[in-house]
């Protein structure tokens, strides 16, 4: 009898294990257009797939992690599934697509244990515009838990196409500053195409799959995890998450994720839908950690800025020139003036105090440049070695706060390892404690940090305008490059491209029209928008262009996608108060005609700024809108426009 009972128990356990392995969990978006299917395969490996409007946009893709104390990528058992709950969130951003944002999603948690009995959850949140998931390790432990490998992947159908930026190889480039997310995008490539630099692909990664669009990124890096990237084997359309190069660390610090329990991984985020979904979604900040309620960030204010270095370079960092640029900012009704590298010796702290005082009288705030290094690069610019420890930062930031400096531009990071991500966050925290805004350059993608730390106003992480001033090749690429960025790099995070050269670039034959350049002031989002144009170039512009830039809002209430295609053209409408600002650029070599329905914006009048006299003039047209009548806008090659509806 005992043997029979034991046999029955063994059969029961085996059947239960088999059912657990084969059970499938389906999680749908509130509007049912997105459906995620999660299951364990025959080897206990967790997988998921994603359908959008009944089309398979992600084929079965792998999940799981391998930690130093256990394997959570195979031989898993699904122990239970929590009921579906609704997540509703509202929050505000200092700058971005919208200042007031609402997020809703269906949330479900699947509980697993590995062969050794270790516990891990996968938390899913599916909204109408995408899918997000993260790993969670419950419990407590005397020592830090460490992750060796993440097996998360995104398996695109073989017919999918990608618009992807290659990751640069660590410790390459000028003075070994890479990686800093400054490569050109590979456009409309077959899914599975190897990265030309053999170091993977950066976020956000844009794909077209089964006739729909996916934008893959991550959010909520808290300093315990490294930043990640995508990698794929040759000819494989299965893109897996990869950790940084071993050299991408703060000296003496860690590379891979590690933290005490309980522990959450960053969110893996997939925005899904149309190009309008990509342009209008805020999923990259929806998943970021909310700002701490005890911290006062009233000092963090978005604004436009004058900046001499873009066109005048190193020799402009002197007292007389910077005083002239403060006057320029005041005349243009811009909130800030950025003073770049080597100011500590070319101007000095005492004379900088005089400039800060002078700027304050003009209602202009001063940003100051710093080198983040350290020993990890050989860049000659300074001040450097002033931000490496908490004690260093407190000393320097206290001095800047006493001087009345508004913010710091911090450059040349060159790393995505866990310890380097921790360094970014430590800077943000210490800067906030001293009421200083921050702009990271030569840096990683922010990944939603601007929600958690509203004093992060911008980050470079793009091949920006400075490259156009370095050589004709980059100038030739600007039209298509600029037409890529609203769909990718600038989709969620502020981007310090430093746009807008309206007149001339020394030694460069600019390939875009002034109207194209003016449109970038609306298309590109940055909490601190540093304009490249200098006083001499602005003096060549008609009064209506100057007035447009003087009145241009520093933040937006809403966004609408008008039309576009990555790398070819784009037109976007942004709302401020009762006005809509529409901007469009044509990155293609031929004409592009757009049809605009003003009725959508309930407008009666439009002011349009367009190119009309070759490459040196922007004309103004006042248009009385007729109810029910659509407006047609034709952009010449590499041309653009802005329009204000009211």
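Read the figures in this text as sums done on the coordinates, not as results from a lab. What you are looking at is a predicted structure, and each value in this text was computed from that prediction instead of being measured. Glycine also receives a Cβ, built like all others from the backbone with ideal geometry; neighbour counts cover every protein chain displayed.
Results, tabulated for the structure shown:
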| item | result |
| --- | --- |
| Length-normalised contact order for the chain - Cα pairs under 8 Å, 6+ apart - percent | 12 percent |
| Crossing angle, helix 418-433 versus the chain [Cα axis fit, 0-90 degrees, rounded to tens] | 50 degrees |
| Separation of the residue 32 and residue 345 label points, Cα + 7 Å toward Cβ, nm | 6.9 nm |
| Sorted peptide list for 280-287, 424-431, 79-86, 222-229, criterion being average Cβ within 10 angstrom, highest first | 280-287, 222-229, 424-431, 79-86 |
| Tilt relative to the chain, helix 390-403 - C-alpha long axis, 0 to 90 degrees, to 10 | 30 degrees |
| Alpha-carbon centroids, segment 384-402 and segment 186-212: separation in whole Å | 40 Å |
| Gain in span if fully extended, residue 616 to residue 399, counting 0.36 nm per residue against the direct Cα distance | 73.7 nm |
| Cα gyration tensor shape for segment 251-305, rounded if a/c is under 1.5, else prolate or oblate | oblate |
| Expected 222 nm ellipticity per residue - DSSP helices of 4 or more, -39500 (n - 2.57), all of the chain, to 500 | -6500 deg cm²/dmol |
| Rounded tilt (10° steps) of 349-361 against the dominant C-alpha axis of the chain | 80 degrees |
| Residue 390-residue 174 pseudo-label distance in nm [points 7 Å out on the Cα-to-Cβ vector] | 3.5 nm |
| Calculated FRET efficiency for the pair residue 507/residue 605, C-beta based, R₀ 41 Å, to 0.05 | 0.45 |
| Chain lengthening between residue 53 and residue 142 when straightened (0.36 nm per residue, less Cα-Cα) | 27.4 nm |
| Kirkwood Rh, angstrom, segment 24-286 [1 / mean 1/r, Cα pairs] | 19.2 Å |
| Theoretical FRET efficiency, 1/(1+(r/R0)^6), r = Cβ-Cβ of residue 43 and residue 470, R0 51 Å, to 0.05 | 0.50 |
| Segment 563-604 - Kirkwood radius from inverse mean 1/r over Cα pairs (Å) | 11.6 Å |
| Shape call, segment 54-119: gyration tensor on alpha carbons, a/c limit 1.5 | prolate |
| Relative contact order computed over segment 24-286 (Cα-Cα under 8 Å; 6+ residues apart), in percent | 18 percent |
| Calculated FRET efficiency for the pair residue 289/residue 632, C-beta based, R₀ 60 Å, to 0.05 | 0.85 |
| Within segment 574-594, backbone nitrogen closer than 20 Å to the virtual label 7 Å beyond the Cα of residue 276 toward Cβ | 574-576, 580-585, 593-594 |
| Percent RCO, i.e. relative contact order, over segment 455-557, from Cα pairs under 8 Å lying at least 6 residues apart | 30 percent |
| Cα gyration tensor category, rounded, prolate or oblate, for segment 228-323 with a/c compared to 1.5 | prolate |
| Virtual spin-label span in nm between residue 101 and residue 646, 7 Å along Cα→Cβ | 2.9 nm |
| Sequence ranges 133-139, 538-544, 494-500, ranked by mean other-Cβ count within 10 angstrom, highest first | 494-500, 133-139, 538-544 |
